[in-house]
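First comes the structure, then the notes that go with it.
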Amino acid sequence: MKILHDTAQPDILIPCEGTFPYVRGGVSSWIAQLIAGLPQYKFGIAFIGSQKKDYPPKPLYPYPENLVYVIEMFMFDDDEKPPIESKDGSVEDFKRVEELYSWFREKDNNTPFPKEIQKLDFYRNIISESTFLYSKEAWYFITNKNQENASDLSFLDYFWSVRSIHIPIWKMAELAYVIKDKGAIIHSPSTGYAGFLSTLISHETGKPFILTEHGIYTKERKIDLISNSLSLYKKLDLFRDTSKSDYIQTMWVRFFEGIGKMSYSRANPILSLFGVAKETQIAYGAKAERCRVIPNGVDIEKLGKTINERPEGIPQIITLIGRVVSIKDIKTFIQAMRITANALPDVEAWIVGPADEEKEYAQECYELIDILNLKDTIKFLGFQDISKILPQSGLLTLTSISEGMPLVILEGFAAGVPCVGTDVGSCKELIYGGENPEDIALGSAGVVCPIANAEALAKGYIELLSDEERWLEAQKVAIKRVNTFYTQELFLDTYQKVYEDVFKQIEESSWLE
């Protein structure tokens, strides 16, 4: 744990799990946009990472003047582990851990979170991290659970999995203790560890907790586990065969469902970026009366100017702006480009984003390009200024298997670039129109395709790049849609109102009433 920046007391503290300021992408851009766009508030950042070696040595985003506090913690670094010491532990104390498990499994979302384990004292003094890791009672607790739930599973696999799942709980408790006095409001961009941290601080101090989910965290972690490319924090070598993998995956899923439920039980308001996400939150246990939608917004003035830089005709360039990681399904994009290049020999694909997060996956992508003979067609450009890239692009594409509301689609629309994307998150609403009848009436700003369907993607690319009249109509719709419903001004005005309302509730002591 290390304080990187401390110049004043923040008004709003944002816990960032694996995002700002060390990782570029939609959530990080959203955080940077929020901080820069609301200079009347002072912000603090609590960065939560896996291991320090997984991130760049320096932040990738500059600190604006109103970002006054930054602290970082890496959950799985060896120097964060407590010293080994022999402990007995208490049977009665571990019964409280069982209470937490029971609450996780409870289907009635109105059952209150157990008071005994709301406070930081439980995690710091009653059952501390060293007690859970090194006490005799913890050993008995884990071995009994192994016999009850997974007696056919290797005990070593089970033991180390349980420890890996639980270590972040105590890391978040320690971080919460250090930063509990920072900020009047906690605003988390996800459930997960950031949401758990926010829940602990809110219960401990009574501070308001605002939750904005960009994607549904529990759903995305399930995808990570199923694909097993991320193997959860890099990346713990837990999965050795199918039977072991299945049960350990289930353990992780239950854990993330449980801490997600904790966030939903405490946060108010609970925000999402589009309608389907809101309904999913409610299905996962969020109270409907606390839920609302606030879509992303983009700087249409800055990006709109780039339209004047576009060449005549449709550039035969398809651009994917995103990290080279499995959840973005770059491999399907590569396969789609083979089909597209067969029909349009002059087409190019630009992949704009870092390739160092999942190096093995990136290497597999390079090898697939070689196999499909696409070395002259697909270019990896790394991080770029999108205001320079978008005017050269004929189409924007997004081939992800999971998303929230991708800022990149809105940025492309503002720059006059239609999109061919997969049917994930809010992509269908962005491309075909949302719930607003006026939005739907605008028409199509591109094509929506099934997930992992190279043929459908290629068909969309070929049709739009080959039909100038259709492309121009899609461009017209894209520009109109983003200018009407997704401006940065609307986004910032709405969040300013959210903060004003919560600060008023603090004054009136009415938050959560």
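Readers should treat all values here as calculations from the given coordinates under stated rules, not as data from a laboratory. Owing to the predicted nature of the structure, the values given are computational and were not obtained by experimental measurement. Here the Cβ positions follow ideal geometry from the backbone for every residue, glycine too, while neighbour counts run over all protein chains shown.
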Projected label distance in nm at W139 and K375, using a 7 Å step from Cα toward the beta-carbon: 5.8 nm
Whether segment 301-486 is rounded, prolate or oblate, judged on the alpha carbon gyration tensor where a/c under 1.5 counts as rounded: prolate
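What is the magnitude of the charge dipole of the chain about its Cα centre, with +1 placed on the Cβ of each Lys and Arg, -1 on the Cβ of each Asp and Glu, and no other charges, expressed in debye to the nearest 20?
Values: 55 positive and 73 negative charges, 81 e Å.
Dipole about the Cα centre, nearest 20: 380 debye.
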Segment 494-513-segment 91-138 distance, computed between alpha-carbon centres (Å): 31 Å
Between helix 330-343 and the chain: long-axis angle, C-alpha atoms, 0 to 90°, nearest 10: 10 degrees
Leading residue at positive end of dipole, the chain (Cβ point charges), from V477, Y247, F413: Y247
Counting all C-alpha pairs of the chain, share separated by more than 45 Å (%): 15 percent
Calculated FRET value between D493 and F383, using beta carbons and R₀ = 30 Å, to 0.05: 0.50
Cα-Cα over 23 Å, subset of K58/K331; K52/K375; K305/K480; K207/K287: K58/K331; K52/K375
Residue-span extension gain [I3 to T250] - 0.36 nm each, minus C-alpha spacing: 85.4 nm
Computed label-point distance, nm, for sites A283 and E500 using a 7 Å Cα→Cβ extension: 3.6 nm
Neighbour-count ranking [beta-carbon atoms within 10 angstrom, fewest first] of E429, E129: E129, E429
Antiparallel DSSP beta bridges within the chain, as percent of all bridges there, nearest 5: 10 percent
Nearest-ten-degree value, helix 136-149 long axis tilted from longest Cα axis of the chain: 60 degrees
Local electrostatic count at I270 - Lys and Arg +1, Asp and Glu -1, tallied over other residues with Cβ under 13 Å: +3
Calculated FRET value between K95 and N149, using beta carbons and R₀ = 25 Å, to 0.05: 0.90
Protection proxy ranking of 492-504, 324-336, 143-155 - average other beta-carbon atoms within 10 Å, highest first: 324-336, 492-504, 143-155
Gain in span if fully extended, N436 to Q40, counting 0.36 nm per residue against the direct Cα distance: 139.4 nm
Magnitude of the charge dipole, segment 301-486, Cβ model with Lys/Arg +1 and Asp/Glu -1, debye to 20: 220 debye
Cβ-based exposure ranking for E204, E438, in which fewest neighbours within 10 Å come first: E438, E204
Computed lengthening from L472 to R163, 0.36 nm per intervening residue step minus Cα-Cα distance: 105.6 nm
Top positive-direction residue, dipole computed over the chain with Cβ charges, set L368, A445, Y264: Y264
C-alpha long axis of helix 468-485 to longest principal axis of the chain, angle in °: 40 degrees
Dipole moment magnitude, nearest 20 debye, segment 14-97 about Cα centre, only Lys, Arg, Asp, Glu C-beta charged: 360 debye
Proxy reagent accessibility, fewest Cβ within 10 Å first, across E213, E72: E72, E213
